[in-house]
């Protein structure tokens, strides 16, 4: 098994958001706490931030061992309630199950 394939297998979906701009905000928050994030999408990222019929969904992928830390971090930001854009992105978010280490 190649290193690239092994790396892909250890990634799990943390969250899916609508659009690259929202994804970049969350990536910044997570990476500021040392959590590596990969954005996965079927759209071509560009300078034109528009989406059609949900095609702009961007999945944020994290390492399985970082899943719990990422969930806790986003829940803390959500609970703080001081960022309306972040609250809108996380509205209705149900964190995925994962390791609770």
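Taking the range 9-65, which residues are out of contact with any helix residue (DSSP H, G or I) (no Cβ under 7 Å at 6 or more places or on another chain), at pLDDT below 75, surrounded by fewer than 13 Cβ atoms within 10 Å (Cβ to Cβ) and in a loop (DSSP other than H, G, I, E, B)? Scanning the range 9-65 gives 42, 44, 46, 47, 48, 50, 52, 53, 54, 55.
Residues are listed down the side, and each one gets a yes or a no for (1) touching a residue at least 40 places away in the same chain (Cβ under 8 Å); (2) in contact with a strand residue (DSSP E or B) (Cβ under 7 Å, 6 or more places away or on another chain):
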| site | (1), (2) |
| --- | --- |
| 56 | no, yes |
| 59 | yes, yes |
| 73 | yes, no |
| 80 | no, no |
| 88 | no, no |
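Taking the stated definitions as given, is residue 72 in a strand (DSSP E or B) and either modelled with pLDDT of 95 or more or farther than 17 Å from residue 10 by Cα (or both)? No, not satisfied. Scanning the range 73-99 for residues that are under 13 Å from the mean Cα position of the chain (by Cα) and farther than 19 Å from residue 20 by Cα yields a count of 5.
The values are calculated or read from the model by the stated rules, or taken from the named source; none is laboratory data. Nothing here was measured: the structure is a model prediction, and the numbers come from that model. Counting neighbours? That spans all protein chains shown, and the Cβs are built from the backbone with ideal geometry, glycine included.
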